[in-house]
Amino acid sequence: MSETDAIKEYRETIDKIYKMLAYREDLRRSFSDYGLRVTEEGFSITKGQLDKLIASLEVTATDMDKSRIKEAINYWESAVLNDTVTPLFKDLVIAISLVMSNWNREIGKTDDIQQGLVKVERYINMHHNLMESIEIQKALLKKLKREMNMQPASWALSRAYIESYDNANKSK
């Protein structure tokens, strides 16, 4: 991928994130106040520094920057493991994770940030797969219950035969 293509893709991702951030009421249902604050702070730091890098300016990540980004990642990890993951949460976190991953590769260069981002994405995907599995199991259970309630005529005949056979054996 050429540099201009990468910058174009970056800008499209940023636009997508801003569109998701515009859904304030939905965000409040998907994130705690603290979670939304650290998410937006982490995004703001990474976007600001990546924009400077694109403009060919010198950029250095401070320990405070890295700490704030880790704070967002830690919140996401906790939220995925302990709360319901809404589609908005999933989409926003995945998009911001992509920006943070690029930031970390170019500026932050911190292994634990990259590992945290990979872990959060893995947890989100596992959560999504688990929820899909639950929905499939619910549908199968509903179908099984319908099948169990359906009794073809042959079952009734078989039951009558078994009962008459059983009664004949009892009288002997």
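Every number here is computed from the coordinates shown, using simple stated rules; none is lab data. Fair warning: this is a prediction, and the values are worked out from it, not measured in the lab. Positions of Cβ are backbone-derived with ideal geometry, glycine not excepted, and every protein chain shown enters the neighbour counts.
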Residue pairs within 8 Å by beta carbon, gap of at least six or interchain, first lying in region 55-82 and farther than 17 Å from Met100 by Cβ, second among the aromatic types (Phe, Trp, Tyr), listed first then second, are Leu81/Tyr123
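Before we move on, is Ser56 at positive phi and not basic (Lys, Arg)? Outline the logic, then answer.
On the way: at positive phi: yes; not basic (Lys, Arg): yes.
In short, yes.
Show me the helices (runs of 4 or more DSSP H) found entirely inside region 31-134 where at least 3 residues are of a type in the set (D, E, K, R). Don't jump to the end; show me each part of the working.
Numbers: elements: 33-54, 63-82, 87-103.
Filter on region 31-134 gives 33-54, 63-82.
Evaluate region 1-10: report whether one residue or more is over 21 Å from Ile113 (Cα atoms), among the basic types (Lys, Arg) and either in contact with a helix residue (DSSP H, G or I) (Cβ under 9 Å, 6 or more places away or on another chain) or surrounded by 11 or more Cβ atoms within 10 Å (Cβ to Cβ) (or both). Steps first, answer last, please.
Our first condition is that a residue be over 21 Å from Ile113 (Cα atoms); within region 1-10, this holds for 1-9.
With the extra rule that they be among the basic types (Lys, Arg), the set shrinks to 8.
Now narrow it down to the ones that are either in contact with a helix residue (DSSP H, G or I) (Cβ under 9 Å, 6 or more places away or on another chain) or surrounded by 11 or more Cβ atoms within 10 Å (Cβ to Cβ) (or both): 8.
Scanning region 1-10 turns up at least one residue that is over 21 Å from Ile113 (Cα atoms), among the basic types (Lys, Arg) and either in contact with a helix residue (DSSP H, G or I) (Cβ under 9 Å, 6 or more places away or on another chain) or surrounded by 11 or more Cβ atoms within 10 Å (Cβ to Cβ) (or both).
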